[in-house]
1. Could you list all residues from segment 218-264 that are open to solvent by 40 Å² or more (accessible area, probe 1.4 Å), farther than 21 Å from Asp3 by Cβ, polar (S, T, N, Q) and at pLDDT below 90?
2. Since Arg30 meets every condition but one in (1) in contact (Cβ under 8 Å) with a residue 40 or more places away in the chain; (2) of a type outside the set (A, V, I, L, M); (3) open to solvent by 60 Å² or more (accessible area, probe 1.4 Å), which condition does it not meet?
3. If we scan segment 73-84, do we find a residue that is of a type in the set (Gly, Ala, Ser) and open to solvent by less than 10 Å² (accessible area, probe 1.4 Å)?
4. Surrounded by 15 or more Cβ atoms within 10 Å (Cβ to Cβ) and either of a type outside the set (Gly, Ala, Ser) or farther than 20 Å from Gln178 by Cβ (or both): does that describe Glu137?
5. Out of all the residues in segment 103-131, which are of a type outside the set (Val, Ile, Thr), over 19 Å from the mean Cα position of the chain (by Cα) and open to solvent by 30 Å² or more (accessible area, probe 1.4 Å)?
6. Residues Tyr126, Tyr102: which one is of a type in the set (Phe, Trp, Tyr), closer than 19 Å to Arg23 by Cβ and outside any loop (DSSP other than H, G, I, E, B)?
7. Kindly indicate the residue of segment 57-72 that is among the aliphatic types (A, V, I, L, M) and crowded, with 17+ Cβ neighbours inside 10 Å and also farthest from Asn104 (Cα to Cα) among those meeting that condition.
8. Does any residue in segment 34-58 that is under 17 Å from Asp10 (Cα atoms) come within less than 8 Å, Cβ to Cβ, of a residue that is assigned to a helix (DSSP H, G or I) and of a type in the set (Lys, Arg) six or more places away or on a different chain, and which pairs are these?
Amino acid sequence: MKDSLNREIDYMRISITDRCNLRCQYCMPRGIKQTTMSDILTFEEMAHIVSIASKLGIKKIKVTGGEPLVRLGCCDFIKMVKNIEGIEQVTITTNGVLLNRYMNDLIEAGIDGINVSIDTLNKELYQKITGFDKLGEVLQSLKTLTNYDIPVKINAVSIDLYEYGSQNGIDVLKNDYQNLIELAHDDKIDVRFIEMMPIGYGKNFETINHQDFLQQLKRDYVLKEDQTIHSNGPAVYYRIDGYQGSIGLISAIHGKFCDSCNRIRLTSQGYLKTCLCFNDGIDLRSILRSDASNKDELLAAAIKDAIIHKPMAHHFENMEEISEDKNMYMIGG
């Protein structure tokens with residue numbers, strides 16, 4: 001389905017939980033008010049929304065959280081969505097802590113790609129950012145993943161690690177981002193750097209300007225533009241001779257890509273969002289749980305209306321125009 005700006009909307013990100021087993025400083029640093037399970041959509045309700053959305057042109061699904069693997073039945077849900085007519089691809093974004101435990105289940109469910117969030121390979125800094133000493137488990141999961149023929153991507157948020165590290169008395173190596181890039185050397189792993197979005201706790205962190213970062217990368221490596229399609233998202237990819245994977249930049253602030261945005265988001269509570277910047281959206285849960293005899297028609301109409309009114313662009317560059325006041329774990333990463 002096309003929105004009012006003629007953008008093809010074919011990608012839905014679904015947060016299946018607001019819970020997580022890490023406490024990243026820019027997302028969920030402290031104790032949170034958890035949503036009761038009765039307020040969170042059941043997997044059957046989520047799948048029903050997907051079945052309606054697929055008839056409107058949604059073909060690709062990203063399963064997120066919170067941390068999606070902490071919700072029991074996550075892999076069964078993926079299999080459920082894979083079986084919906086019209087859905088061509090289902091992928092997942094995870095912090096990787098539980099990935100080894102559920103690897104075989106994910107493969108059996110038919111997962112089409114796995115994104116692993118790792119901001120640093122510095123053990124002390126990882127613990128400081130996430131609140132847990134879990135880097136070893138995540139790296140072991142990555143090693144296991146290379147045994148499967150499945151697309152793997154690393155997502156690293158471009159926070160100012162050096163400033164953050166020095167403030168906390170941690171000796172952060174200047175080549176921290178280079179260590180991450182080395183993950184793409186021997187294995188076909190794409191490493192993507194993502195500009196921090198000023199939402200929730202993220203407002204307290206300075207993002208690294210990707211225009212400056214790209215110039216630094218060009219000083220350190222001989223980069224070649226990579227025009228091959230790697231994912232559903234807006235990453236701009238580059239190749240380095242001798243490296244199996246590519247390097248991607250997702251630059252929401254300093255490389256605005258709203259004119260080609262193809263996504264909508266469903267929160268774990270059934271709220272459909274069309275842009276991270278704004279609090280606008282439509283409550284699909286109330287329709288799902290109503291007594292209306294034409295719920296499917298109402299759901300389709302609501303989704304259509306949301307897509308038609310998808311904003312032209314975000315305004316992250318102007319803090320006063322950001323109306324979204326929720327934290328990312330409540331929306332979905």
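The values are calculated or read from the model by the stated rules, or taken from the named source; none is laboratory data. Keep in mind that this is a model prediction, so the values were computed, not measured. As a convention, Cβ positions derive from the backbone with ideal geometry for all residues, glycine included, and neighbour counts pool all protein chains shown. We work out accessible area using only protein heavy atoms, side chains counted, and drop any ligands, DNA or RNA first. Shrake-Rupley method; radii C 1.70, N 1.55, O 1.52, S 1.80 Å.
1. Of everything in segment 218-264, those that are open to solvent by 40 Å² or more (accessible area, probe 1.4 Å), farther than 21 Å from Asp3 by Cβ, polar (S, T, N, Q) and at pLDDT below 90 turn out to be Gln227, Thr228.
2. The failed condition is (1).
3. Step one: list which residues in segment 73-84 are of a type in the set (Gly, Ala, Ser), which gives 73.
Narrowing the set further to residues that are open to solvent by less than 10 Å² (accessible area, probe 1.4 Å) leaves none.
No: zero hits.
4. Values: surrounded by 15 or more Cβ atoms within 10 Å (Cβ to Cβ): yes; either of a type outside the set (Gly, Ala, Ser) or farther than 20 Å from Gln178 by Cβ (or both): yes.
Criteria met by Glu137.
5. Residues satisfying the conditions are Asn104, Asp105, Glu108, Leu121, Lys123, Glu124, Gln127, Lys128, Gly131.
6. Numbers: Tyr102 fails: closer than 19 Å to Arg23 by Cβ.
None of the other options fit; the residue is Tyr126.
7. Within segment 57-72, the first condition is being among the aliphatic types (A, V, I, L, M), and the residues that meet it are 58, 61, 63, 69-70, 72.
In the following step, the residues that additionally are crowded, with 17+ Cβ neighbours inside 10 Å were identified as 58, 61, 63, 69-70.
Values: Ile58: 27, Ile61: 20, Val63: 17, Leu69: 13, Val70: 16 Å.
The residue in question is Ile58.
8. Once the first residue is under 17 Å from Asp10 (Cα atoms) and sits in segment 34-58, its partners that are assigned to a helix (DSSP H, G or I) and of a type in the set (Lys, Arg) give Leu56/Lys304.
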